[in-house]
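Read the structure below first, then the notes.
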Amino acid sequence: MTEVLDLRGLKCPLPALFAKRALSRAEPGREIEVLTDDPMAPIDVPHMCRSEGYAVLCVERDGATARMRLRRG
C-alpha cells in the first residue's frame, strides 16, 4: 500500500522536508504519494529526491494541486 502525504496548505520548504522524512523512514522499495498545492514543490521535491538518491516516478498537476509518486531505492 502506498503512503499518501497530503501536504496541501504547506509552503516551501515544508513539502520537501516532510517528503524526505517519510522516505527516510520507509522500507526500501516503498512508494510515497505526495499531494501539494505549493507551486515550488514540483521543483523542490524532485530536486531533493535526486540529491538524496530517491526515485521520482511521476509528477502530475491537476489545477493547483501537484501529485508526486516517489520511491525509496
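The values are calculated or read from the model by the stated rules, or taken from the named source; none is laboratory data. These figures come from a predicted structure and were not determined experimentally. Reconstructed Cβ throughout: ideal geometry from the backbone, glycine too, with neighbour counts over all protein chains shown.
Key figures
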| read-out | value |
| --- | --- |
| Condition met for residue 7 (over 13 Å from residue 68 (Cα atoms) and of a type in the set (A, V, I, L, M, F, W, C)) | no |
| For residue 25: the one exception among (1) in contact (Cβ under 8 Å) with a residue 12 or more places away in the chain; (2) surrounded by fewer than 18 Cβ atoms within 10 Å (Cβ to Cβ) | (1) |
| All positions within region 38-71 that are crowded, with 16+ Cβ neighbours inside 10 Å and either modelled with pLDDT under 95 or among the aliphatic types (A, V, I, L, M) (or both) | 41, 45, 48, 56, 59, 66, 68, 70 |
| Failed criterion for residue 66 (all others in (1) under 16 Å from residue 13 (Cβ atoms); (2) of a type in the set (Gly, Ala, Ser); (3) in contact with a Cys (Cβ under 8 Å, 6 or more places away or on another chain) hold) | (3) |
| Number of the exception - residue 69 against (1) of a type in the set (Lys, Arg); (2) touching a residue at least 60 places away in the same chain (Cβ under 8 Å); (3) part of a loop (DSSP other than H, G, I, E, B) | (3) |
| One residue from 44, 38 being under 12 Å from residue 8 (Cα atoms), of a type outside the set (S, T, N, Q) and outside any strand (DSSP E or B) | 38 |
| Conditions (1) loosely packed, with under 15 Cβ neighbours inside 10 Å; (2) not in a helix (DSSP H, G or I): number failed by residue 5 | (1) |
